[in-house]
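Visitor: Dropping the structure in here first, questions after.
The values are calculated or read from the model by the stated rules, or taken from the named source; none is laboratory data. All values derive from a computational prediction rather than experimental measurement. All Cβ positions, even for glycine, are placed from backbone atoms using ideal geometry, and neighbour counts span all protein chains on display. Side chains included, ligands, DNA and RNA excluded: accessible areas come from the protein's heavy atoms. Shrake-Rupley method; radii C 1.70, N 1.55, O 1.52, S 1.80 Å.
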Amino acid sequence: MVKYRNIDDLGALRGKRVLVRADLNVPMKDGMVSDDTRIRAVVPTILLLLDRGAKVIVMSHFGRPKGHVVAEMSLEPLAQPLSNALKRPVVFVNDCIGDVVGETRDAMEDEAVLLLENVRFHAGEETNDAAFAAALAEGADCYVNEAFSCSHRAHASTEGIAHILPSAAGLALEAELTALEKALGNPQRPLCAVVGGAKVSSKLDVLTNLVEKVDHLIIGGGMANTFLAAQGIDVGASLCEHDLANTARAILAKAEDRNCSIHLPTDIVVAQEFKAGAANRTIAVDEVASDDMILDVGPATVARLGVMLEGCRTLIWNGPMGAFEIAPFDAATVALAKAAGALTESGSLTSVAGGGDTVAALNHAGVAGQFSHISTAGGAFLEWMEGKELPGVKVLEK
Ligand code: ADP
Ligand code: MG
C-alpha cells in the first residue's frame, strides 16, 4: 500500500511558516457562500498547524480567471467565512507572491491566519511554471496539500511547490487517500461499482478501467441508455450517445473477458417530458416508444441490484441512477442509496461515493452519513476511478 507524507512527517512546526493549499472554490450566491463544505474541510488541518505553533498561510484558486486579475474572482470575500469557521482572525493579502506577501506575513500575529489572493491570477499557476512555484514557496518553510479536488491537475500550487518545500498531505487529504485505497487499491471482494449520470463520453474511460478491477459493474442513468442502444435496443428520445456504440460494445466484451458482471436495467421508467411529476410508465427495456425518454431505472432492476449488493463487500459509486432532481425519477437512486447505506451500517459493506451530483443525490436520499466515505471532489474522484495517477498526490508519496 502506498504511503504518503503527513503533517507529523514535517517534524517540529513551532515558528514555522506553513503554506496550505486549500480548495476555497466554493459556490457563491449574491456575494455569500451558499455551501461551506469546502471551507469546513480545511479547518481541522489549519487548527492542528496553529496548535503546533506554526504560522499558517492559505492559498487557493477561485473560478477560472485564466492568468489575469478578475475582480469577481477575488478570494477576499472568503476571508470572513474562513475566519468564522476557524474562530480566528484571517488577514487577506491581495496577491499570492511578491513583497506584499512577505510584508504582511512578517507582521502577522502568532495565531493569525493569512489568506492569499487567487493563485490563478498568475498564468504560471496552471502552466506549473517553476519560477512561479518558487515565488509561492518564498519565505515559507513547508507545504501542506489539503485540496484533493485540485490534485488531478499538476499546477504550481498543487504539484510544483511540493518539489521545492518539505511537503505533506493535510488531514482531509490523508483521510481521502486512505478511504480510496481501501476501496479500489486493496478492496475486500466482491467489489461492485455503480456508474451512472449524464456525462457518458467523459466517463467511458472510467468504465474501461473498472471492468478490469471490479466483480460487478452497475450501469445506470444516462450511461445505461448508450449501452442499451449499443445492444440494439430502441431508446426512443432518451439521452444517449449513439456514436459511442462501438466503444460501449468494446467495454462489454472486455468485461466478459475479465469476468466482470455488467448490470444493465431490465425495466425502466419513461416519460415524455423532463419535469417533476411528468406522466410516466414503468416498462421493460424493449418497450420504449419513439417519443419516450428513459428517466429512471425500474423497481424490478433495483430489487435485483439490492440482492446482489447484499453479497458484495465493497462499493464505489459515481453518477445517479436516474434524473434524481425531479420526482418521481429519483426512486431508483434513492432506493439503491438506502440499500447501500443500510448494508454499510450493518457492517457488511464498505461504500465510497464521489461526484458533485452523486453527493447531492445521496444527501437527497438522506444516507450520506451512512456511507463509509464521501468524496466531494468531482474531476479528481473520476480520474482516480479511471486509475490515473493524481500528480498532486503522487508528489506526496513517501
Ligand atoms: P456526477 O456529478 O455525480 O459525476 P453526472 O454529472 O455525470 O454525475 O450526472 C448527473 C446528472 O445525470 C443529473 O443531473 C441527472 O439528472 C442526470 N441523469 C441521470 N440519469 C438520467 C437519464 N436517464 N436521463 C437524463 N439525465 C439523467
Ligand atoms: Mg455532475
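Visitor: Quick one: Ile251 ticks every box in (1) touching a strand residue (DSSP E or B) at 6+ places or on another chain (Cβ under 7 Å); (2) closer than 18 Å to Met385 by Cα bar one, so which box is it?
Guide: Going through (1) touching a strand residue (DSSP E or B) at 6+ places or on another chain (Cβ under 7 Å); (2) closer than 18 Å to Met385 by Cα one by one, Ile251 breaks only (1).
Visitor: So, one more: Would you please name the residue that is farthest from Thr247 (Cα to Cα), looking only at residues in the range 216-228 that are in contact with a Ser or Thr (Cβ under 8 Å, 6 or more places away or on another chain) and more than 16 Å from ligand 2 (Cβ to nearest atom)?
Guide: His216
Visitor: Of the numbered conditions (1) within 16 Å of ligand 1 (Cβ to nearest atom); (2) in contact with a Cys (Cβ under 8 Å, 6 or more places away or on another chain); (3) assigned to a helix (DSSP H, G or I), Ile218 fails exactly one; give the number of that condition.
Guide: Checking Ile218 against (1) within 16 Å of ligand 1 (Cβ to nearest atom); (2) in contact with a Cys (Cβ under 8 Å, 6 or more places away or on another chain); (3) assigned to a helix (DSSP H, G or I), the one that fails is (3).
Visitor: A further question on this structure: Would you check which residues across the range 89-127 are open to solvent by 40 Å² or more (accessible area, probe 1.4 Å) and in contact with an Asp or Glu (Cβ under 6 Å, 6 or more places away or on another chain) and list them?
Guide: Correct list: Phe92, Asn94, Asp95.
Visitor: For the range 345-358: of the residues being β-branched (Val, Ile, Thr) and more than 10 Å from ligand 2 (Cβ to nearest atom), which is nearest to Ser149 (Cα to Cα)? Step through it out loud before you land on a result.
Guide: If we filter the range 345-358 for residues that are β-branched (Val, Ile, Thr), which is where we start, we get 350, 352, 358.
When the remaining residues are screened for being more than 10 Å from ligand 2 (Cβ to nearest atom), the result is 350, 352.
Values: Thr350: 22, Val352: 15 Å.
Only one residue tops the list, namely Val352.
Visitor: Assigned by TED's automatic domain parsing to the domain that holds Ala360, more than 14 Å from Leu217 (Cβ to Cβ) and not in a strand (DSSP E or B), is that true of Asp296?
Guide: no
Visitor: Consider Leu396 against the criteria (1) over 23 Å from Arg189 (Cα atoms); (2) open to solvent by 10 Å² or more (accessible area, probe 1.4 Å); (3) away from ligand 1 (no atom under 13 Å from the Cβ): it satisfies all of them except one. Which criterion is unmet?
Guide: Result: Leu396 fails condition (2) only.
Visitor: Further, regarding this structure: For Thr282, indicate whether it is open to solvent by 30 Å² or more (accessible area, probe 1.4 Å), in the same structural domain as Gln188 (by TED's automatic domain parsing) and at pLDDT below 95.
Guide: So Thr282 does not fit the description; no.
Visitor: What tally of residues in the range 186-214 results from selecting those that are open to solvent by 50 Å² or more (accessible area, probe 1.4 Å), over 12 Å from Leu382 (Cα atoms) and out of contact with any Lys or Arg (no Cβ under 9 Å at 6 or more places or on another chain)?
Guide: Counting residues in the range 186-214 that are open to solvent by 50 Å² or more (accessible area, probe 1.4 Å), over 12 Å from Leu382 (Cα atoms) and out of contact with any Lys or Arg (no Cβ under 9 Å at 6 or more places or on another chain) gives 3.
Visitor: Report the residue count in the range 341-357 for those that are touching a helix residue (DSSP H, G or I) at 6+ places or on another chain (Cβ under 9 Å) and either within 16 Å of ligand 1 (Cβ to nearest atom) or in a helix (DSSP H, G or I) (or both). Please lay out each step first, then the result.
Guide: Pass one, the range 341-357, residues touching a helix residue (DSSP H, G or I) at 6+ places or on another chain (Cβ under 9 Å): 341-345, 348-355.
Subset that is either within 16 Å of ligand 1 (Cβ to nearest atom) or in a helix (DSSP H, G or I) (or both): 341-345, 351-355.
The number of residues fulfilling the criteria is 10.
Visitor: Can you spot a residue in the range 24-32 that is assigned by TED's automatic domain parsing to the domain that holds His152, part of a helix (DSSP H, G or I) and open to solvent by 60 Å² or more (accessible area, probe 1.4 Å)?
Guide: No, because not a single residue in the range 24-32 is assigned by TED's automatic domain parsing to the domain that holds His152, part of a helix (DSSP H, G or I) and open to solvent by 60 Å² or more (accessible area, probe 1.4 Å).
Visitor: Got a sec? Which of Ala361, Ala380, Ala331, Ala340 is without any contact (Cβ under 8 Å) to a residue 60 or more places away in the chain, of a type in the set (A, V, I, L, M) and either within 16 Å of ligand 2 (Cβ to nearest atom) or open to solvent by 10 Å² or more (accessible area, probe 1.4 Å) (or both)?
Guide: Going through Ala361, Ala380, Ala331, Ala340 in turn, the sole match is Ala361.
Visitor: If you don't mind, another one. What is the number of the single condition among (1) open to solvent by less than 60 Å² (accessible area, probe 1.4 Å); (2) within 12 Å of ligand 1 (Cβ to nearest atom) that Lys275 does not meet?
Guide: In the conditions (1) open to solvent by less than 60 Å² (accessible area, probe 1.4 Å); (2) within 12 Å of ligand 1 (Cβ to nearest atom), Lys275 misses (1) alone.
Visitor: May I pose another question? Ala360 - would you say it is away from ligand 1 (no atom under 13 Å from the Cβ) and either assigned to a helix (DSSP H, G or I) or not assigned by TED's automatic domain parsing to the domain that holds Lys199 (or both)? Show your work before the answer.
Guide: Working: away from ligand 1 (no atom under 13 Å from the Cβ): no; either assigned to a helix (DSSP H, G or I) or not assigned by TED's automatic domain parsing to the domain that holds Lys199 (or both): yes.
No: the conditions fail for Ala360.
Visitor: Further question on the same structure: I'd like to verify a number: residues in the range 221-259 that are open to solvent by less than 20 Å² (accessible area, probe 1.4 Å) and either within 26 Å of the chain's Cα centre (by Cα) or outside the structural domain of Met321 (by TED's automatic domain parsing) (or both), how many?
Guide: 10
Visitor: Report, ordered by the first and then the second residue, all pairs with beta carbons closer than 7 Å, sequence separation of six or more or different chains, a first member in the range 105-117 that is more than 27 Å from His68 (Cα to Cα), and a second member that is open to solvent by less than 10 Å² (accessible area, probe 1.4 Å).
Guide: Within 7 Å, the pairs are Met108/Leu114.
Visitor: Next question, about the same structure. Looking at (1) of a type in the set (A, V, I, L, M, F, W, C); (2) surrounded by 14 or more Cβ atoms within 10 Å (Cβ to Cβ); (3) outside any strand (DSSP E or B), which one does Ala289 not meet, given that it meets all the others?
Guide: Here Ala289 clears every test but (2).
Visitor: Identify the single condition in (1) on the phi < 0 side of the Ramachandran plot; (2) surrounded by 19 or more Cβ atoms within 10 Å (Cβ to Cβ); (3) touching a residue at least 40 places away in the same chain (Cβ under 8 Å) that Val270 does not satisfy, given that it satisfies every other one.
Guide: (3)
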